[in-house]
1. What value does the stretch 29-155 have for Rg/Rh, both radii from Cα atoms and Rh as Kirkwood defines it?
2. Mean separation of Cα pairs under 8 Å and 6+ residues apart, divided by the residue count of the stretch 29-155: what relative contact order is that in percent?
3. Can you put 116, 226 in order of Cβ neighbours within 10 angstrom, beginning with the fewest?
4. Around residue 283, with a cut-off of 11 angstrom between Cβ atoms, what is the net charge of the other residues, counting Lys and Arg +1 and Asp and Glu -1?
5. When only C-alpha pairs under 8 Å and at least 6 residues apart count, what is the relative contact order of the stretch 244-294, in percent?
6. Pairs 28/223; 59/101; 152/274: which are spaced more than 24 Å apart, C-alpha to C-alpha?
7. Listing 130, 217, 109 from the residue with the fewest other Cβ atoms within 10 Å to the one with the most, what is the order?
8. Share of antiparallel DSSP beta bridges in the stretch 114-197, in percent to the nearest 5?
Amino acid sequence: MRKVFYSLMVSIYIWLCVYSPVYALYFKEIELGNYYICNLNDYPREYCVVDYDPNRIIKLLCPIVHNEGEHTKMYNSSYCFRYKGIKDRLIISNNEEPIYKTLPGIILENQFVYDRYNLGIYMMPLKLEEDMSIVCVCDTKNEYKGITPYIKIKIKKSNNVVGAGSANEHIKGCDFGNNQGEHQFLTIPQSHEENAVCDIQANPGDIVGINCINYNEQDLENKDVRLEPSNCFSTVSFSLYTFNFVKMNINNIFPNAKYYPESSAFPKDPNLKKFSTTSYLWIPAHVPQEFFFFCSCQYAKGEAIATYHVSSSALAV
């Protein structure tokens, strides 16, 4: 219910920005629940700076600038990159390093709403060697040439999500895209063609994940890949250790669970397909009994299933 309320409030805020210009004048940045919104659509000469917070969902509102002869504009993941500095009011970018290499497991999603980019940004910093910042830039309006509107997200070395001193370097989860080496962010990377089942043993308080796409493959090869349920982990296929499964909202199983991305009825940007099959779930500290659920990756020639066995917190007492 709380997630639905916050999502509704964010939608109301965006609606007000569109239909009530006077209201929008007062808000370049707003924090609402676990949302942080940077509104550069109405402030195209400005920028935002925010500290990374694992409990915060970042939304960036950008203007869509149509060049002559262009009919469709999509947000490109190269617009987000590791921050190197500013020179002559322009961001110094490092386009040689894709953002999914800088921060493996990052999720970028853009929704087409109200004729603007509505970019959602969520990252899971693993073991950072040093503090860093990333930026995501917006298109520059024609009347403001030479000015790059952007959001800067500052991430500290201590922000790693696996915990200081942890022996784990990755998040518990199944990666059927088989991303390894510098691209690995889940504990079990495996090819869906070689092994179509992956099992995760999770405990109360764990973060778990799933991914279906290989970052190195061409977009054409990833065209028909999708999660099932499409809004996993918001919805999962659930069972109490039987073979009778039913699709259920995760908060009916774990009332205090958090997940990202959150479900949305708005159409997604196909240009960010590489990030569309990654999802995370935060299991609450209190789990009254053992649970078993799964999500799957659907491919043109079959599926791969990720099962999650969650132990009871009572067993640890």
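A short reminder: the numbers here are calculations on the coordinates, not readings from a lab. Since this is a predicted model, take the numbers as computed values, not measurements. Here Cβ is always computed from backbone atoms with ideal geometry, including for glycine, and neighbour counts include all displayed protein chains.
1. On the way: Rg = 14.2 Å, Rh = 15.1 Å.
Result: Rg/Rh = 0.94.
2. Numbers: 248 pairs, mean separation 40.7, N = 127.
It comes to 32 percent, rounded to a whole number.
3. Details: 116 22, 226 18.
In order of increasing Cβ crowding within 10 Å: 226, 116.
4. On the way: positive: 172, 258; negative: 206.
Counting the neighbours of residue 283, the net charge comes to +1.
5. Values: 23 pairs, mean separation 22.5, N = 51.
44 percent.
6. Details: 28/223 36 Å; 59/101 21 Å; 152/274 22 Å.
Result: 28/223 exceed 24 Å.
7. Values: 130 7, 217 13, 109 21.
Fewest-to-most ranking of 130, 217, 109: 130, 217, 109.
8. Of all bridge pairs located within the stretch 114-197, approximately 70 percent are antiparallel.
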